[in-house]
Every structure is written in structure tokens, then in C-alpha cells.
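What follows is a set of notes on a single structure, which appears directly below.
The values are calculated or read from the model by the stated rules, or taken from the named source; none is laboratory data. The structure displayed is predicted, hence computed values, not measured ones. Reconstructed Cβ throughout: ideal geometry from the backbone, glycine too, with neighbour counts over all protein chains shown. Calculation scope for accessible area: heavy atoms of the full protein, side chains included, ligands and nucleic acids excluded. Shrake-Rupley method; radii C 1.70, N 1.55, O 1.52, S 1.80 Å.
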Amino acid sequence: MNKAQFIAALAPHFNGSKKEAAHAVDIVFDTITRNMSAGNDVMINDFGKFKKVDRKARMGRNPFTGETIKIKASKKARFLPAKALKEVIAGDRKLGPAPKPEVKAAPKPAAKKAAKKAPAKKKAAKKVAKKSAKKAPAKRKPAKKVAKKR
């Protein structure tokens, strides 16, 4: 499942709005990323833990030449699944039913007040018509034909 499919799966929970679902996904990912970059762990119960890991400099081996090389120190992101997630994946625990999107009842239409409508302004329509009539489409120059050499 990629990000677009994930957003499409969440959209029913946001009244079918993919825009709101995408916004929610972006906020979650951004929050996790910012906390991890600051060195904080992000623990989500029954899912797992996201954390930043510092790796020390070490010696490695080039598999093609067999030569030993020095590998620089680095920082990596690590995800540690929670026990509950491991059990579900292994088949030891069954998942409950998926949460169903809330179905909102259609709001009752409010009684409309009888409002006087202002007469349409004809002058504004004439001005728009004059402006559009003045603009002529730009003329294109004919393309030059290239003579073929024989």
C-alpha cells in the first residue's frame, strides 16, 4: 500500500474527503519526522516505536575486492514493532472488526426566509461584453518549411 492508497482507505472516515484525509496523514508523518529528528522516540501503543539510532564508525569489507574499508558514523531511523502488532502478523491474535466510518445524518434544511432579490445589473454585463469583444486572438506566424536535401 502506498501513500495514495492509504489516503483513499482513510477518506471514508473523513466524509469521503481525500483532501482532509491527506492533510491528516501529512500531519501524522510530519509530527513523527520532527520528533525523531529532535532525538525523541515516538511510541504508539499496540503498534510500535519509532526512534533515532546513532551508529558508530566501523570497519567493513568491500565484497568485490575483499579490501577493508572504514564506514563513517551515521544516524538511522528504526521502527520496533509492539508485541500486539507482532502477534497479529504471526496469526496468534485476531484483529477486531475494522472501525466503520461515521455516517452523519443529513442536516435538516432550515426554513428559508423570503428575501427580496436585487434586480440584475445590466450595466456590468455590458462592460464585460465590451472587454471580451476588444480582445482579438493573437495571430500565429506560419511555420517555416525546411527544404529536404536530395
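Among the residues of the range 2-27, the one identified as open to solvent by 80 Å² or more (accessible area, probe 1.4 Å), at pLDDT 90 or above and either among the aliphatic types (A, V, I, L, M) or on the phi > 0 side of the Ramachandran plot (or both) is I27. Of all residues in the range 54-82, those satisfying the criterion of being of a type in the set (D, E, K, R) and touching a residue at least 12 places away in the same chain (Cβ under 8 Å) are D54, R55, K56, R58, K70, K72, K75, K76, R78. Residue count for the range 35-53 satisfying the condition of being surrounded by fewer than 13 Cβ atoms within 10 Å (Cβ to Cβ), without any contact (Cβ under 8 Å) to a residue 24 or more places away in the chain and farther than 14 Å from K76 by Cα: 1. Hey, any hits in the range 88-96 for a residue that's in contact (Cβ under 8 Å) with a residue 12 or more places away in the chain and out of contact with any Gly (no Cβ under 7 Å at 6 or more places or on another chain)? No, because not a single residue in the range 88-96 is in contact (Cβ under 8 Å) with a residue 12 or more places away in the chain and out of contact with any Gly (no Cβ under 7 Å at 6 or more places or on another chain). Of all residues in the range 70-84, those satisfying the criterion of being surrounded by 10 or more Cβ atoms within 10 Å (Cβ to Cβ) and not basic (K, R) are I71, S74, A77, F79, L80, P81, A82, A84.
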